[in-house]
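Structure, as structure tokens:
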Amino acid sequence: MSDRHYRVTALPGDGIGPEVVAEAREVLDAAGDVHGFEIEWTECLVGGAAIDVYGVPLRAVDLETCRASDAVLLGAVGGPAWSDPSAPIRPEQALFALRGGLELFANLRPVSVHPSLAGASPLRRRLRAAPRTIRMRADHRPSRGCRAPSCPAERPSSR
């Protein structure tokens, strides 16, 4: 066993999520072989898949599994089978529960400026021209659903 051992919870989700997460797991395991670390994987259902099996988009026990992990690999959630906007239980409620339960508040994403749009970019010219990846912090402001910590949509429930 490697000195560097990480516990990662995989949440494949719905739609293309399981396929993407499966490939990402292979890449991470291969990176571990090359760079000398090991990953202990745990997989939990999330989103529509969890609704179909458990009746909720994320169980409290699965959120606790995520909290106990070193990292979480999340696929996509939702799809046509769960697209009724008036449904009391929706796949994206899992995202609210994960954000609140893991105290996440921002996304850090790589950014690049397409050359044809460089003139319209708010980034300074020297940053646009730099041959490095630009890191951008985007505070997440969901456009739908409940936002208050007391909102039932943000609290994972278990059955």
### Message
I need a count of the residues in the stretch 71-98 that are surrounded by 15 or more Cβ atoms within 10 Å (Cβ to Cβ) and of a type in the set (Ser, Thr, Tyr).
### Response
0
### Task
Determine whether the stretch 9-31 contains at least one residue that is in a strand (DSSP E or B), surrounded by fewer than 19 Cβ atoms within 10 Å (Cβ to Cβ) and touching a strand residue (DSSP E or B) at 6+ places or on another chain (Cβ under 9 Å).
no
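A quick yes/no check of all residues on (1) outside any strand (DSSP E or B); (2) of a type in the set (Val, Ile, Thr); (3) touching a Gly at 6+ places or on another chain (Cβ under 6 Å):
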| position | (1), (2), (3) |
| --- | --- |
| Thr65 | yes, yes, no |
| Gly75 | no, no, yes |
| Pro85 | yes, no, no |
| Ile89 | yes, yes, no |
| Ala94 | yes, no, yes |
| Ala97 | yes, no, no |
| Gly100 | yes, no, no |
| Leu104 | yes, no, no |
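For (1) small (Gly, Ala, Ser); (2) at pLDDT below 95; (3) outside any helix (DSSP H, G or I); (4) crowded, with 17+ Cβ neighbours inside 10 Å, each residue gets a yes or a no:
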{"residue": "Val34", "(1), (2), (3), (4)": "no, no, no, no"}
{"residue": "Ile39", "(1), (2), (3), (4)": "no, no, yes, yes"}
{"residue": "Ala50", "(1), (2), (3), (4)": "yes, no, no, yes"}
{"residue": "Leu58", "(1), (2), (3), (4)": "no, no, yes, yes"}
{"residue": "Asp62", "(1), (2), (3), (4)": "no, no, no, yes"}
{"residue": "Ser69", "(1), (2), (3), (4)": "yes, no, yes, yes"}
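The values are calculated or read from the model by the stated rules, or taken from the named source; none is laboratory data. Every value quoted in this text rests on a predicted model; they were computed, and no experiment measured them. Reconstructed Cβ throughout: ideal geometry from the backbone, glycine too, with neighbour counts over all protein chains shown.
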